[in-house]
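S.K.: Just dropping this structure here.
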Amino acid sequence: MKKLYIKTYGCQMNEYDSDKMADVLRACDGMEQTDKIEDADVILFNTCSIREKAEEKVFSDLGRVRPLKAAKPGLIIGVGGCVASQEGNVIIQRAPYVDVVFGPQTLHRLPELIKARRDSGRAQVDISFPEIEKFDHLPAPQTTASSAFVSIMEGCSKYCTFCVVPYTRGEEVSRPIADVLKDIGELTRQGVQEVTLIGQNVNAYAGASDDEDTVDFAYLLQAINELPEIKRIRYSTSHPRDMSQRLIDVYGNTPKLVSHLHLPVQSGSDRVLAAMKRGHTVLEYKSIIRRVRALRPDICVTSDFIVGFPGETEADFEATLKLIEDIGFDNSFSYLYSPRPGTPAAEMFDDTPQEVKVSRLHRLQEKLSSLEDAVGQSMLGSVQHVLVEGISKKDMLEMAGRTDNNRVINFRGSPGMIGRFVDVTVTQVVRHTLRGELIIT
Ligand code: SAM
Ligand code: F3S
């Protein structure tokens, strides 16, 4: 059996895409995945270009696999994902030992691209955007886990001034609702009880329905809520602009939807939000959270922040700290702004010294981490409904699971619980994770 090695960079969309690459190559060419790169017949790098560091890493990693090719002439090296989408042929020019280059929308064509490379002896590049064709060519999803990702839409049409995603993944395209529900049906037959709906902006979902109409994200969530086998629904990522009142209302009437909302805000300054072209103000963001909390008082809100956007002043930055305090965000992501070629922000005047930006990032992370501790402390003594995911990484006698608000919790239990929901009392908070005691029913 031929062996496939995949290295994934970046976000959960890429993790999902890597699984799909493995699925197509297993279905078409009977390939099996390995975690030993030296054993591989095909090596794929599923790349990320959201920040400069991630992009540079790919080229240094590519340099490292070059000697493997000399030792095994039939070895195929492929580059997929966002760097591939942005650079295309340039990758072959920079690294002529690369055999195939494909984008996020053409990964289903991998078997043909590899065959064409072998038949013609020439490198193959396909970074086109054939709309949603990909999903029609992917094998049915397969899993042994009780929780699974389901892609419901692709791409982004928001064009925030700092971001490459609309250029690398194309504009927003939603999968028809029947296709999404069919995938979820397949997964539930394999034992899945929790789904995470993924896409760059899942709440921009506008999927075709059978009667030629389109349905929105609120409708999709309610349809999934009706499936008896599904016990818990998560989604990521969403955009404040698409947080419609219909979607907010879902928090009041869809109990399977978790009490965790990841809603990227990026900055707490209206001036910076406008320069980023986010399409909303700080007040509008706060109003969304206020309305969601009115329906779900216990909801944990997490976010993404960019520090050091061109022209960000100390006052702008302090406004972000204030927003963090006002909302009381839980466990969030924060990044130093990274100029991306071809995006409008990369051309903006930026006179903030790098050390000032780094120090702001540290201040912001300190604030986030103190709030995260506070959220953890507030869970002490509470009973959490936990989906058991596996044996704890640190202690063989403990199980690890995830609470409704997305915290990892470790507790004494048995491997027979994996894949089941149990109730656990929170007894201790250790930085990012919780410890608890199983409630025996
Ligand atoms: N759909 C999401 C939203 O509503 O903003 C964004 C998804 S983006 C792939 C993930 C995160 O990467 C963004 O929220 C942003 O914080 C960060 N990001 C994107 N471009 C960046 C850049 N040029 N520099 C630093 N961080 C960036
Ligand atoms: Fe990027 Fe903004 Fe879309 S951050 S993914 S352009 S919402």
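S.K.: What length, rounded to one decimal in nm, is gained on full extension from Ser378 through to Val356, with 0.36 nm per residue of separation minus their alpha-carbon distance?
M.R.: Additional length available on full extension: 4.6 nm.
S.K.: Along the Cα→Cβ direction, 7 angstrom out, place labels at Asp119 and Lys69. What is the inter-label distance in nm?
M.R.: Placing both labels 7 Å beyond Cα along the Cβ direction yields 2.2 nm.
S.K.: Sorted by packing (mean other beta-carbon atoms within 10 Å per residue), highest first, where do 363-369, 350-356, 195-201 land?
M.R.: Packing proxy ranking, top to bottom: 195-201, 363-369, 350-356.
S.K.: In what order, largest first, do Ser128, Ser85 sit by accessible area if the probe radius is 1.4 Å?
M.R.: I get Ser128, Ser85, largest accessible area first.
S.K.: Can you pull the accessible area of Asp213 for me, 1.4 Å probe, Å² to the nearest 10?
M.R.: About 90 Å², rounded to the nearest 10.
S.K.: Compute the separation of the alpha-carbon centres of region 1-23 and region 315-361 and state it in Å as a whole number.
M.R.: Here the answer is 31 Å between Cα centres.
S.K.: Based on DSSP, what percent of beta bridges with both residues in the chain are antiparallel, to the nearest 5?
M.R.: If we restrict to bridges inside the chain, about 40 percent are antiparallel.
S.K.: With every protein chain kept in place and ligands, DNA and RNA left out, what is the accessible area per residue of the chain? Probe 1.4 Å, answer in Å².
M.R.: So the chain comes to 44 Å² accessible per residue, rounded to a whole number.
S.K.: Related question: Compute a Gaussian network model of the chain, connecting alpha carbons closer than 10 Å, and tell me which residue from Leu181, Leu113, Leu68 fluctuates the most.
M.R.: Leu68
S.K.: Figure the gain on full extension for Thr441 and Glu284 (residue separation times 0.36 nm, minus the Cα-Cα span) and round it to one decimal in nm.
M.R.: 52.1 nm
S.K.: Excluding Gly311 itself, calculate the net charge of residues whose Cβ lies under 9 Å from the Cβ of Gly311, where each Lys or Arg counts +1 and each Asp or Glu counts -1.
M.R.: So the environment of Gly311 carries a net charge of -3.
S.K.: Starting from the amide H of Gln124, placed 1.01 Å from N in the peptide plane, find each other amide H under 5 Å away whose residue is 5 or more places distant or on another chain.
M.R.: When sequence neighbours closer than 5 places are left aside, the close amide H contacts are Val100, Val101.
S.K.: Post the alpha-carbon centroid distance, region 26-48 to region 370-441, in whole angstrom.
M.R.: Taking the Cα centre of each part, region 26-48 and region 370-441 sit 34 Å apart.
S.K.: For Lys7, what is the net charge nearby, where nearby means another residue's Cβ is under 13 Å from its Cβ and Lys, Arg count +1, Asp, Glu -1?
M.R.: -1
S.K.: Continuing with this model, one more query. What ranking of Glu325, Glu212 comes out by heavy-atom accessible area, probe 1.4 Å, highest first?
M.R.: Glu212, Glu325
S.K.: Keeping every protein chain in place, order Ser60, Ser259 by accessible area at 1.4 Å, biggest value first, i.e. largest first.
M.R.: Sorted descending by solvent-accessible area, the residues read Ser60, Ser259.
S.K.: Roughly to the nearest percent, how much of the accessible area of the chain is carbon and sulfur, given a 1.4 Å probe?
M.R.: 52
S.K.: Under the 0.36 nm per residue contour assumption, what length would be gained going from the current alpha-carbon distance of Met1 and Ala206 to full extension?
M.R.: So the chain would gain 69.7 nm between Met1 and Ala206.
S.K.: Something else now. Using a 10 angstrom cutoff on alpha carbons, build the Gaussian network for the chain and name the most mobile of Ala140, Ala148, Ala206.
M.R.: Ala140
S.K.: Please give every one of the aspartates and glutamates within straight-line cross-link reach of Lys69, meaning a C-alpha to C-alpha distance under 12 Å, and leave out same-chain neighbours fewer than 8 residues apart.
M.R.: Answer for Lys69, where 12 Å is the Cα cut-off: Glu38, Asp39, Asp41, Asp99, listed by chain and number.
S.K.: With θ set to phi - 60°, apply the Karplus curve 6.51 cos²θ - 1.76 cosθ + 1.60 along region 134-140 and write out the HN-Hα couplings as whole Hz, x wherever there is a Gly or Pro.
M.R.: For region 134-140, the Karplus curve yields 3, 5, 6, 10, 8, x, 4 Hz.
S.K.: Same structure again: For region 36-137, rounded, prolate or oblate, judged on the Cα gyration tensor with a ≥ b ≥ c (square roots of eigenvalues), a/c < 1.5 rounded, else prolate if a/b > b/c?
M.R.: oblate
S.K.: If you don't mind, another one. Restricting to DSSP H runs of at least four residues, report the calculated mean residue ellipticity at 222 nm for the chain, -39500 (n - 2.57) per run over all residues, nearest 500 deg cm²/dmol.
M.R.: Only helices count here, giving -11500 deg cm²/dmol.
S.K.: Quick check: Cα centre of region 128-149 to Cα centre of region 49-114, how many Å?
M.R.: Between the Cα centres of region 128-149 and region 49-114 lies a distance of 22 Å.
S.K.: Let me ask something else. Which of these, Arg271, Arg189, Arg296, has the largest mean-square fluctuation under a Gaussian network model of the chain (Cα springs below 10 Å)?
M.R.: Largest GNM mean-square fluctuation: Arg189.
S.K.: With θ set to phi - 60°, apply the Karplus curve 6.51 cos²θ - 1.76 cosθ + 1.60 along region 331-342 and write out the HN-Hα couplings as whole Hz, x wherever there is a Gly or Pro.
M.R.: 2, 10, 9, 9, 9, 7, 4, 10, x, 10, x, x
The values are calculated or read from the model by the stated rules, or taken from the named source; none is laboratory data. Every value quoted in this text rests on a predicted model; they were computed, and no experiment measured them. Methodologically, a virtual Cβ is constructed for each residue, glycine included, from the backbone with ideal geometry; neighbour enumeration extends over all protein chains shown. Please note that ligands, DNA and RNA were not included when accessible areas were found on the heavy atoms of the full protein model with its side chains. Shrake-Rupley method; radii C 1.70, N 1.55, O 1.52, S 1.80 Å.
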